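**Student:** Here it is, the structure, as structure tokens.
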Amino acid sequence: MANDVTPIRCAWVGSEPLYLDYHDREWGVPVHDDRLLFEFLILESAQAGLSWITILRKRPNYRVAFAGFDPEAVAHFDHVKVTELLANPGIVRNRLKVESAISNARAFLAIQGEFGSFAAYQWRFVDGRPLQNAWQNHKEIPASTPVSDAMSRDLKRRGFRFVGSTICYAHMQAVGMVNDHTVDCFRWRELGLEGLVHHCGETSTCPVNP
């Protein structure tokens, strides 16, 4: 019979199945797909003032309401669509957040036009490679960093809203620009080694940065 030993995870995960799945499969995994990056931007902007688990529970509703997170489709939403979204109980019905998702989609498309992809733009802030931290416990993890400060300033300059430094850092954590799993978590080393294989092609000569 298989040995069902429960792996050690980051302390913030708890026992909520949706959180467990998100932590184990998505959080901290490097994302270079523009549609998924746009999805996280919408969701993280919607989170402002709320818990992430609330947003995760509404994520399927957001996927339907925001055209599968297609930035081009969202960029064409009009006032009629805004009214429809504000009547949708499956999402966060905050006018500023809904309208910012639309204006952010337009700014997102502008960045794609300038850089070829949003991923190419975004990953420049970490020189194209995930930052590997080594936190002993979740209390050490910062809410923002100089990198998220810079990203926030530049996004705002380009017309984005609801992209403060804290939101940007949460975004960086979610899409793997930074590995903020604590060192006792089984995902910390897995993601660190995955990043090294991708960038170095040889893990034995390129250890995880402490």
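**Student:** Could you count how many residues in the range 36-95 are of a type in the set (Gly, Ala, Ser), in contact with a Leu (Cβ under 8 Å, 6 or more places away or on another chain) and closer than 23 Å to Trp123 by Cβ?
**Tutor:** The total comes to 1.
**Student:** Which of the residues spanning the range 23-47 are of a type in the set (D, E, K, R), out of contact with any Ser or Thr (no Cβ under 9 Å at 6 or more places or on another chain) and assigned to a helix (DSSP H, G or I)?
**Tutor:** Passing the criteria: Asp24, Arg25, Arg35, Glu39, Glu44.
**Student:** Would the range 28-47 turn up any residue that is surrounded by fewer than 20 Cβ atoms within 10 Å (Cβ to Cβ) and of a type in the set (Gly, Ala, Ser)?
**Tutor:** Scanning the range 28-47 turns up no residue that is surrounded by fewer than 20 Cβ atoms within 10 Å (Cβ to Cβ) and of a type in the set (Gly, Ala, Ser).
**Student:** Still on this structure: Could you check, for the range 100-110, whether at least one of its residues is modelled with pLDDT of 95 or more and either part of a loop (DSSP other than H, G, I, E, B) or among the acidic types (Asp, Glu) (or both)?
**Tutor:** Taking every residue of the range 100-110 in turn, none turns out to be modelled with pLDDT of 95 or more and either part of a loop (DSSP other than H, G, I, E, B) or among the acidic types (Asp, Glu) (or both).
**Student:** Pairs only if they're at least six apart or on different chains, beta carbon under 7 angstrom, first in the range 32-43 and closer than 18 Å to Gly116 by Cβ and without any contact (Cβ under 8 Å) to a residue 60 or more places away in the chain, second among the acidic types (Asp, Glu) and surrounded by fewer than 16 Cβ atoms within 10 Å (Cβ to Cβ); list them, first residue then second.
**Tutor:** Listed pairs, sorted by first residue: Arg35/Asp70.
**Student:** Within the set of pairs 6+ apart or on separate chains, which have a first residue in the range 69-98 that is within 14 Å of Leu43 (Cβ to Cβ) and free of Cβ contacts under 8 Å to residues at least 24 places away in the same chain, a second that is surrounded by 18 or more Cβ atoms within 10 Å (Cβ to Cβ) and of a type in the set (A, V, I, L, M, F, W, C), and C-beta atoms under 6 Å apart?
**Tutor:** Val98/Leu85
**Student:** Might you check whether a residue that is in contact with a helix residue (DSSP H, G or I) (Cβ under 9 Å, 6 or more places away or on another chain) and modelled with pLDDT of 95 or more occurs anywhere in the range 189-210?
**Tutor:** Looking for residues that are in contact with a helix residue (DSSP H, G or I) (Cβ under 9 Å, 6 or more places away or on another chain) and modelled with pLDDT of 95 or more, one finds none in the range 189-210, hence no.
The values are calculated or read from the model by the stated rules, or taken from the named source; none is laboratory data. Small disclaimer: the values here were computed from a predicted structure and weren't measured. In this analysis, Cβ positions are derived from the backbone assuming ideal geometry, glycine residues included, and neighbour counts consider all displayed protein chains.
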